[in-house]
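None of the figures in this text is laboratory data; all of them are computed from the coordinates on show. Computed from a predicted structure; not experimentally measured. Here the Cβ is made from the backbone with ideal geometry for all residues, glycine too, and neighbour counts use every protein chain on show.
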Amino acid sequence: MDTNLKKTNNLHIPIPSIELNSRSSMNLAESLYSSIESIEVSIPSNGSSADSIDVQNIKNKNKELFDVLNARLSTFLYFNDNLISQSYDFLKSSLTELDGIKEAAIDLENKHFSIYEKDKIEADALLKQINMLHSMYRYEIKKLERSRDELITVEEEESELHCKLKNIEGEMCRLMTEEENNQTTCKCALF
């Protein structure tokens, strides 16, 4: 590895507008830089000699990678520092707005609950009325079935009486015919 890239003691970020305020951020940065510095590139052996690999080219690429990671880490730490040290006025106004939204939501929920309760009471009344009408319907159906059964019984009795009446009429006609035949025949005996 290139010895120019290694820094042993203190870590200093080269952007002057960024300063690390917290010790944990400093430790995080040192840990990240030390892991970047300890990166080694392994070149797979494919039978070629070490002289054919451009070592200077690899060192340059490592330096470019180190610089890119350094810039990204510096940017991250800058924004982290700004967010930590920034005033929280916007959060306070957001909390006020959030409290207003929360109160509006509670009011809306209470109105919804009262409407729900009112609808529930109306639904219960309608359900009771439907149950009562259903009971009356079943009672009337049973009453109609009894009336129908009675009507069927009366019709059967009527047809039975009608048959008996026909039989009686037939018998009466026969008897009357017989009676007429008996009266018209005269049996005279000559003496």
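Just one of the listed residues (Leu77, Leu98, Leu144) is in contact with a Ser or Thr (Cβ under 7 Å, 6 or more places away or on another chain) and either exposed (fewer than 10 other Cβ atoms within 10 Å of the Cβ) or assigned to a helix (DSSP H, G or I) (or both), namely Leu77.
Among Leu83, Leu127, which is the only one that is loosely packed, with under 10 Cβ neighbours inside 10 Å, within 40 Å of the chain's Cα centre (by Cα) and among the hydrophobic types (A, V, I, L, M, F, W, C)? Going through Leu83, Leu127 in turn, the sole match is Leu83.
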